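Asker: Please find one structure pasted underneath; my questions will follow.
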Amino acid sequence: MADALIIRGLSKRFGGLRAVQDVSFSVKENETVALIGPNGAGKTTSFHLITGFHRPDSGSVMAYGREIVGLKPHDICAHGLARTFQVAKPFGAMTVLANVMTGAFLRDKNATVAREKAREVIEFVGLAAKENTPAKDLTTIDQRRLEMARALATQPRLLLLDEVMAGLNPSEIDQAVGLIGKLSQRGLTIVIVEHVMRAIMAVARHIVVLDHGQKIAEGSPKEIVENPEVVRAYLGSYVHPPTAGES
């Protein structure tokens, strides 16, 4: 498979803080890759750099054969990269349908066409019964479904998901895993930032691990959970859960 995304030497400093330091990895087309690590590891900053919300101090981001560093976020989206955010950002007073149509308008300014596309993705993510509900009245999981639907309405080739399972209960996490699996089966390339390790192990074929802004490992899920440095930095409680009486 060809590479959908190639990141080389990506670095970003905020004052004296090195948020991302010389990070390199690639994502193949139709692959689901997870970006994991402790809080403050540089995961969301990496998403910001890839999608044009911040400009890197150095490094390259090639998406489908084109250098996208320096492009505006809407131009990067038009090139086929869409994203969600840690905190869902719907237009609260607007309905689910109207929110998703804002994404659909990227590809077609005709309202009838945009409405049709929006309804298609709303049904796909499981919100068809709530298309006329104001976004502010949705539950947490439905707001995350809405944000995913709005991103999907831009017709991306690569979808970046930033902690879409944060705040969800176990049943809702299973629903989110199922939805990501459906997206993967449709051929969408996915990069996901997530702390819910059972979900990561279910959806990702390749994992990149960051710590203090640097890449410390990458490989298959099996390789990652057996990597001593990753266990030390991040996965200790996942690989070796505490026994009764331990905190």
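The values are calculated or read from the model by the stated rules, or taken from the named source; none is laboratory data. Remember, predicted model here, so these are calculated numbers, not experimental data. Here Cβ is always computed from backbone atoms with ideal geometry, including for glycine, and neighbour counts include all displayed protein chains.
Asker: Out of the residues in the range 60-92 that are assigned to a loop (DSSP other than H, G, I, E, B) and of a type in the set (Val, Ile, Thr), which is modelled with the lowest pLDDT?
Answerer: Per the stated criteria, the residue is VAL87.
Asker: Please work out which residue is farthest from GLY219 (Cα to Cα), limiting yourself to the range 8-18 and to residues that are surrounded by fewer than 23 Cβ atoms within 10 Å (Cβ to Cβ) and in contact with a strand residue (DSSP E or B) (Cβ under 9 Å, 6 or more places away or on another chain).
Answerer: ARG13
Asker: Next question. Going by what's in this entry, would ALA233 be described as under 26 Å from ILE6 (Cβ atoms), touching a residue at least 40 places away in the same chain (Cβ under 8 Å) and in contact with a Cys (Cβ under 9 Å, 6 or more places away or on another chain)?
Answerer: Working: under 26 Å from ILE6 (Cβ atoms): yes; touching a residue at least 40 places away in the same chain (Cβ under 8 Å): yes; in contact with a Cys (Cβ under 9 Å, 6 or more places away or on another chain): no.
The answer is no for ALA233.
Asker: Go through ALA118, ALA176 for me and flag whichever is at pLDDT 95 or above and either more than 18 Å from GLN86 (Cα to Cα) or among the aliphatic types (A, V, I, L, M) (or both).
Answerer: From the options ALA118, ALA176, the qualifying one is ALA118.
Asker: On to the next question. Out of curiosity, is THR84 under 28 Å from ARG198 (Cβ atoms) and among the hydroxyl-bearing types (Ser, Thr, Tyr)?
Answerer: Yes; evaluated as a whole, the condition is true for this residue.
Asker: Further question on the same structure: Can you run down the residue pairs with Cβ atoms below 7 Å, 6 or more apart or on separate chains, where the first is in the range 162-176 and at positive phi and the partner is surrounded by fewer than 17 Cβ atoms within 10 Å (Cβ to Cβ) and in a helix (DSSP H, G or I)?
Answerer: GLY167/THR140
Asker: Here's a follow-up. Since ILE68 meets every condition but one in (1) buried (at least 16 other Cβ atoms within 10 Å of the Cβ); (2) at positive phi, which condition does it not meet?
Answerer: (2)
Asker: Further, regarding this structure: Would you check which residues across the range 41-67 are closer than 18 Å to ASP162 by Cβ and of a type in the set (A, V, I, L, M) and list them?
Answerer: ALA41, LEU49, ILE50, VAL61, ALA63
Asker: Got at least one residue in the range 11-22 being out of contact with any Cys (no Cβ under 7 Å at 6 or more places or on another chain) and closer than 19 Å to THR189 by Cβ?
Answerer: no
Asker: Residue by residue through the range 172-192, note down the ones that are polar (S, T, N, Q), closer than 28 Å to SER24 by Cβ and part of a helix (DSSP H, G or I).
Answerer: SER184
Asker: Could you grab me the full set of residues in the range 193-217 that are out of contact with any helix residue (DSSP H, G or I) (no Cβ under 7 Å at 6 or more places or on another chain), in a strand (DSSP E or B) and crowded, with 22+ Cβ neighbours inside 10 Å? Can you show your working first?
Answerer: As a first pass, look at the range 193-217 and keep what is out of contact with any helix residue (DSSP H, G or I) (no Cβ under 7 Å at 6 or more places or on another chain): 195, 198, 200, 205-206, 208, 212-215.
The next check asks that each one be in a strand (DSSP E or B); those that pass are 206, 208, 214-215.
Within the range 193-217, VAL208, LYS215 meet the criteria.
Asker: Would you call ILE180 within 12 Å of the chain's Cα centre (by Cα), crowded, with 20+ Cβ neighbours inside 10 Å and more than 23 Å from LYS117 (Cα to Cα)?
Answerer: No: the conditions fail for ILE180.
Asker: Here's something else I'd like to know. Is there a residue being of a type in the set (Ser, Thr, Tyr), assigned by TED's automatic domain parsing to the domain that holds VAL191, in a helix (DSSP H, G or I) and closer than 16 Å to GLU163 by Cα anywhere in the range 19-38?
Answerer: no
Asker: Of all residues in the range 79-98, how many are in contact with a Leu (Cβ under 8 Å, 6 or more places away or on another chain) and in contact (Cβ under 8 Å) with a residue 60 or more places away in the chain?
Answerer: Total satisfying the criteria: 6.
To keep it simple, each residue is scored yes or no on (1) surrounded by fewer than 21 Cβ atoms within 10 Å (Cβ to Cβ); (2) within 13 Å of ALA88 (Cβ to Cβ).
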{"site": "ALA111", "(1), (2)": "yes, no"}
{"site": "ALA118", "(1), (2)": "no, no"}
{"site": "ILE122", "(1), (2)": "no, no"}
{"site": "ALA129", "(1), (2)": "yes, no"}
{"site": "PRO134", "(1), (2)": "yes, no"}
{"site": "GLN143", "(1), (2)": "no, yes"}
{"site": "ALA151", "(1), (2)": "no, yes"}
{"site": "ARG157", "(1), (2)": "yes, no"}
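Asker: Then there's this: Go through the range 26-46 residue by residue and tally those that are at pLDDT 95 or above, surrounded by fewer than 19 Cβ atoms within 10 Å (Cβ to Cβ) and of a type outside the set (Ser, Thr, Tyr).
Answerer: Of the residues in the range 26-46, 3 are at pLDDT 95 or above, surrounded by fewer than 19 Cβ atoms within 10 Å (Cβ to Cβ) and of a type outside the set (Ser, Thr, Tyr).
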